[in-house]
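What follows is a set of notes on a single structure, which appears directly below.
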Amino acid sequence: MEKDILNKIKSGAKVRVWERIIEGDKERKSAFEGTVIARKHGNETGGTFTVRKIISEVGVEKVYPINSPIISKIEILSSPRKVHRSKIYYMRTFSAKKTRERIKTE
């Protein structure tokens, strides 16, 4: 993973994570786009980040290890202007409109 991308993955950032999915002898790439709500353990071997997305009015969260070979690419879509906490688990209770107001993404 590139260092500049790892530094931009922080709470409140909108990201698109491309993961490789292997089905039998075929391989395809799937994108998961959402908001980073937590980043844990820095750039260590066991470092992770949690991405949250609303799909059909149901919240879906995925935890990605930073050094995972399954992740093929990470795109940073927007960075937050104002987030005062490192873990924004309180966003689980907000609607999409309220989330945009609280994070104020660029």
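Here, each number is a calculation from the coordinates, and none is a lab measurement. Computed from a predicted structure; not experimentally measured. Every residue, glycine as well, gets a Cβ built from its backbone with ideal geometry; the counts of neighbours run over all protein chains shown.
Laid out as a table, the results:
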{"quantity": "Low-density loop positions, chymotrypsin sites (Phe, Trp or Tyr not before Pro), region 6-106 - DSSP coil, at most 15 other Cβ in 10 Å", "calculated": "94"}
{"quantity": "Normalised per residue, the volume of the convex hull around the Cα set of the chain (Å³)", "calculated": "107 Å³"}
{"quantity": "Dipole magnitude of the chain, debye to nearest 20 (Cβ charges: Lys/Arg +1, Asp/Glu -1, about Cα centre)", "calculated": "640 debye"}
{"quantity": "J(HN,Hα) series, region 11-19, from Karplus relation 6.51 cos²θ - 1.76 cosθ + 1.60, nearest Hz, glycine and proline x", "calculated": "4, x, 6, 8, 10, 10, 9, 9, 10"}
{"quantity": "Whole-number percent relative contact order across the chain, with pairs defined as alpha carbons under 8 Å at least 6 apart", "calculated": "30 percent"}
{"quantity": "MRE, 222 nm, helices only [DSSP H, n ≥ 4, -39500 (n - 2.57), over the chain, to nearest 500]", "calculated": "-3500 deg cm²/dmol"}
{"quantity": "Integer Hz, Karplus 6.51/-1.76/1.60 couplings in order for region 90-96, x for Gly and Pro", "calculated": "5, 5, 4, 8, 8, 7, 5"}
{"quantity": "Inter-label distance, nm, simple model (7 Å from Cα along the C-beta direction), residue 68/residue 43", "calculated": "2.1 nm"}
{"quantity": "Loop-located GluC sites (Glu not before Pro) in region 34-97, at most 16 other Cβ atoms within 10 Å (DSSP)", "calculated": "44, 57"}
{"quantity": "Burial ordering of 84, 41, fewest other beta-carbon atoms within 10 Å first", "calculated": "84, 41"}
{"quantity": "Cβ-based charge dipole, the chain, positive-most Cα from 90, 56, 74", "calculated": "90"}
{"quantity": "Residues whose placed amide H lies under 5 Å from that of residue 73, excluding near-sequence neighbours", "calculated": "18"}
